[in-house]
Ligand SMILES: NC(=O)c1ccc[n+]([C@@H]2O[C@H](COP(=O)([O-])OP(=O)(O)OC[C@H]3O[C@@H](n4cnc5c(N)ncnc54)[C@H](OP(=O)(O)O)[C@@H]3O)[C@@H](O)[C@H]2O)c1
């Protein structure tokens, strides 16, 4: 029988276990995908540990909001694809019931799209969450335009690297933020126009220097916490800040006195809209063609090593590269 990753209680990586389960027939409008690989995300870690804001139904909860595989069966009325087509999962909304950490999963046909040409399995498994989040936050929410100076926090991370590449692709100017100057060359190689290392000088001063004194037009904050005050200072008056993550668990002070438009962003607000999914997939496909929009894949594990994959994420050993698990 096919295998699937489940957990019966909240806790550390060790609560994950691989069990066997029969395949499920796709309902009307659904597709069954034989998975080839999935990526491990921060959201999975939150769900597994009991820190997710959403309800996780225990016992026997599943995980995984992205991945790639091959169409195995189509339910009634599920058009546009045929058995054998290689697809990318564009978010699994009910991941705790039928997540992508499995040999097979079913989901609405509107939540998959053709695997971009030239993408390997591990890249295809890791592209959606990071790139759709960065695209949704910067393009759909903040209205990023060519020439905009875009300050990208945690730029060495999955969402950050995607944001840098998307900004470049659109003709904007990505300014990457990292806590470590040692990452400067890596971030420049990843496409950053400038790098601001917070272990080396004042963030707002550096951003003003790189923007001719104006400040950043758009700030993508996936860190939050007390550091957000400096980001607000680094933005130009009338600019936009999109808060899309929370790597820093400390409270975030309310941004007083800032003449900024502030958005809070969760990618599901776009990825559950089939029209937005189509738009994002088209953008990614076009960028992938020219090699401009690709995720950086780090450590790759097998399904039997899923606990180790989560340990890697928790300990930060992935260094911002996407952690991928391949499925035999
Ligand atoms: N809104 C959404 O829909 C959505 C979707 C996906 C992810 N997210 C969220 O976005 C955030 C980033 O996700 P990700 O997948 O890009 O993470 P990630 O790949 O694990 O990010 C790793 C990078 O973040 C930086 N970092 C880690 N802890 C930090 C801290 N306490 N303060 C400042 N920087 C820190 C580090 O960069 P340096 O060492 O170079 O500083 C590290 O290389 C997470 O909170 C995640 O939950 C939100």
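Name the single residue that is surrounded by the most Cβ atoms within 10 Å (Cβ to Cβ) among those in region 208-224 being near the ligand (Cβ under 10 Å from one of its atoms) and assigned to a strand (DSSP E or B). Write out each step before concluding.
Of the residues in region 208-224, the ones near the ligand (Cβ under 10 Å from one of its atoms) are 220-224.
Cutting the leftovers down to assigned to a strand (DSSP E or B) gives us 220-221.
Working: 220: 34, 221: 28.
Going through the qualifying residues, I end up with 220.
Enumerate the helices (runs of 4 or more DSSP H) found wholly within region 68-162, keeping only those where 2 or more residues are away from the ligand (no atom under 15 Å from the Cβ) and surrounded by fewer than 24 Cβ atoms within 10 Å (Cβ to Cβ).
Details: elements: 95-98, 121-126, 128-135.
Answer list for region 68-162: 95-98, 121-126.
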Checklist entry - Of all residues in region 259-307 being part of a helix (DSSP H, G or I) and within 16 Å of the ligand (Cβ to nearest atom), which is surrounded by the most Cβ atoms within 10 Å (Cβ to Cβ)? => result 284
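Taking the condition in a helix (DSSP H, G or I), near the ligand (Cβ under 10 Å from one of its atoms), farther than 16 Å from residue 153 by Cβ and touching a strand residue (DSSP E or B) at 6+ places or on another chain (Cβ under 9 Å), does residue 313 pass? Reasoning before the result, please.
On the way: in a helix (DSSP H, G or I): yes; near the ligand (Cβ under 10 Å from one of its atoms): yes; farther than 16 Å from residue 153 by Cβ: yes; touching a strand residue (DSSP E or B) at 6+ places or on another chain (Cβ under 9 Å): yes.
So residue 313 fits the description; yes.
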Checklist entry - Is there any pair with a first residue in region 307-320 that is closer than 12 Å to residue 42 by Cβ and at pLDDT 90 or above and a second that is more than 10 Å from the ligand (Cβ to nearest atom) and in a helix (DSSP H, G or I) whose Cβ atoms are under 6 Å apart and which are 6 or more apart or on different chains, and what are they? => result 310/13
Next on the checklist: Here is a check on your reading of the model: is residue 191 within 11 Å of the ligand (Cβ to nearest atom), within 23 Å of the chain's Cα centre (by Cα) and part of a loop (DSSP other than H, G, I, E, B)?
Outcome noted: no
Checklist entry - Since residue 236 meets every condition but one in (1) within 16 Å of the ligand (Cβ to nearest atom); (2) closer than 22 Å to residue 197 by Cα, which condition does it not meet? => result (1)
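The values are calculated or read from the model by the stated rules, or taken from the named source; none is laboratory data. If you're wondering where the values come from, they're calculated on a predicted model, not measured in any experiment. Virtual Cβ from ideal backbone geometry, glycine too; neighbours counted across all protein chains shown.
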